[in-house]
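Taking it in order: structure first as structure tokens, then the write-up.
The values are calculated or read from the model by the stated rules, or taken from the named source; none is laboratory data. Just so it is clear, the model here is predicted, and its values are computed rather than measured. Cβ placement follows ideal geometry from the backbone for every residue including glycine, while neighbour counts extend to all protein chains displayed. Ligands, DNA and RNA are stripped out before the accessible areas are found, and what is left, the full protein with its side chains, is counted by its heavy atoms. Shrake-Rupley method; radii C 1.70, N 1.55, O 1.52, S 1.80 Å.
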Amino acid sequence: MFDKDKSIFFDNLSRVEVNPETPTAATRVLQNRRFKPQWPVGHKMDYGLRMEMYADEKIHEIKYELQVERLENTVENFTSFAINRTGPVYINEIEPDLIADQLAYKVSTIFYPMHVGLDAHGKVSEIQNISDIKRRWQTVKAEIRRTFEGAVLDEYMDRMEKNINDPFVLNLALKDQDWFLNAFFLPIYKNYYIQDEPASALYFPILPFRNIGYSSSFFLSPHFNDLGMIEINVNGKIEDGDTENYAGNYTGRYLLHPHNKQIWMIKSVYTFESAVNQKYVKLDIFCLKDNGQDLDFSFEQTAKKVTGSSLVIADQGSKKKSIWKSIFR
């Protein structure tokens with residue numbers, strides 16, 4: 001049974017167990033029921049992404065950098081962000097060298113910058129600049145035709161043409177298959193004062209079907225970690241009620257700035273296993289710059305007052321095999 005005296009959000013602060021070494025101001029952050037980030041319009045955060053993928057008995061690594069910028073809300077009042085890849089993509093420490101990887105990488109450039117709108121829970125609801133993506137596709141398509149050739153290319157380009165020209169398919173593909181969107185816009189901004197909250201079903205690109213998800217629970221640490229940051233842990237497990245053909249686990253660790261609650265680091269692991277397949281993904285996302293400035297870990301000295309500009313979010317011949325097909329497909 002829920003014990004309100006043990007809730008870190010219970011109003012009677014004298015009954016809350018706290019670490020005596022935790023500063024009072026910091027403690028109040030974790031006791032605030034309204035757990036929402038401050039992200040003013042125009043504010044930019046630069047991140048690095050590293051992903052290790054195991055499939056078909058092989059391990060591959062992908063690394064790239066990107067920038068996230070808060071945009072003005074749309075006329076429909078969607079909370080909006082721009083995602084832009086800001087550097088080259090490295091596969092196993094080198095830029096794409098296989099023809100298939102080069103082709104898929106070239107196609108992937110049309111998606112950036114990508115504007116996304118969030119739903120009330122902070123998850124990506126829609127891709128907002130599909131018209132820009134279609135326009136960029138016309139330019140990139142011509143460049144690809146000049147660089148690559150062959151029957152396989154024709155088939156690939158025809159499939160891409162159909163997908164890009166269908167807004168529903170394109171929306172679904174990007175929301176379901178983009179690892180950064182799925183991890184970064186997880187619904188972590190919520191009220192954590194209910195200890196036994198029902199588990200949420202989470203879906204990630206590693207899963208083969210949309211009806212299979214990780215039954216997941218979110219936990220907010222009642223104290224700041226050793227870096228002085230807010231820590232949220234997510235744990236999930238595949239619960240296949242109809243059959244026992246699938247198994248898998250998910251763990252996510254989110255570190256947030258103690259004052260503006262922006263994400264500074266994500267470390268997550270996803271596993272999936274079936275009778276014929278076993279794979280895992282390790283995903284790390286880490287902040288590189290805050291609005292163009294080097295990171296400042298002196299949190300007590302850099303506290304910012306949350307103002308009306310705050311973002312309020314209410315309670316994804318070589319014999320070497322291309323790995324880009326599993327990401328951009």
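Return the residue satisfying two criteria in turn: it lies in segment 110-127 and is in a loop (DSSP other than H, G, I, E, B) and at pLDDT 95 or above, and of such residues it is most open to solvent (accessible area, probe 1.4 Å).
So the residue we want is Pro113.
For segment 191-202, does any single residue satisfy the condition of being surrounded by 19 or more Cβ atoms within 10 Å (Cβ to Cβ), touching a Gly at 6+ places or on another chain (Cβ under 6 Å) and either of a type outside the set (Lys, Arg) or closer than 17 Å to Val116 by Cβ (or both)?
yes
Of all residues in segment 225-262 being of a type in the set (Ser, Thr, Tyr) and modelled with pLDDT of 95 or more, which is farthest from Tyr203 (Cα to Cα)?
Tyr254
Return the pairs, sorted by first residue and then second, in which the second residue is of a type in the set (Val, Ile, Thr), the first residue lies in segment 38-51 and is more than 15 Å from Phe81 (Cβ to Cβ), the beta carbons are less than 9 Å apart, and the residues are 6+ apart or on different chains.
From segment 38-51, the pairs are Gly48/Ile285; Leu49/Ile62; Leu49/Ile285; Arg50/Ile62; Arg50/Ile285; Met51/Ile62; Met51/Val281; Met51/Ile327.
Every residue, every condition in (1) under 28 Å from Gly117 (Cβ atoms); (2) open to solvent by 50 Å² or more (accessible area, probe 1.4 Å); (3) charged (D, E, K, R), yes or no:
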| position | (1), (2), (3) |
| --- | --- |
| Asp56 | no, yes, yes |
| Tyr64 | yes, no, no |
| Asn73 | yes, yes, no |
| Glu76 | yes, yes, yes |
| Ile83 | yes, no, no |
| Tyr90 | no, yes, no |
| Asp97 | no, yes, yes |
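Tell me whether segment 75-96 contains one or more residues that are over 24 Å from Asn182 (Cβ atoms) and assigned to a strand (DSSP E or B).
Yes, segment 75-96 contains a residue that is over 24 Å from Asn182 (Cβ atoms) and assigned to a strand (DSSP E or B).
Which is open to solvent by less than 20 Å² (accessible area, probe 1.4 Å) and either closer than 26 Å to Arg159 by Cβ or assigned to a helix (DSSP H, G or I) (or both), of Val107, Val68?
Val107
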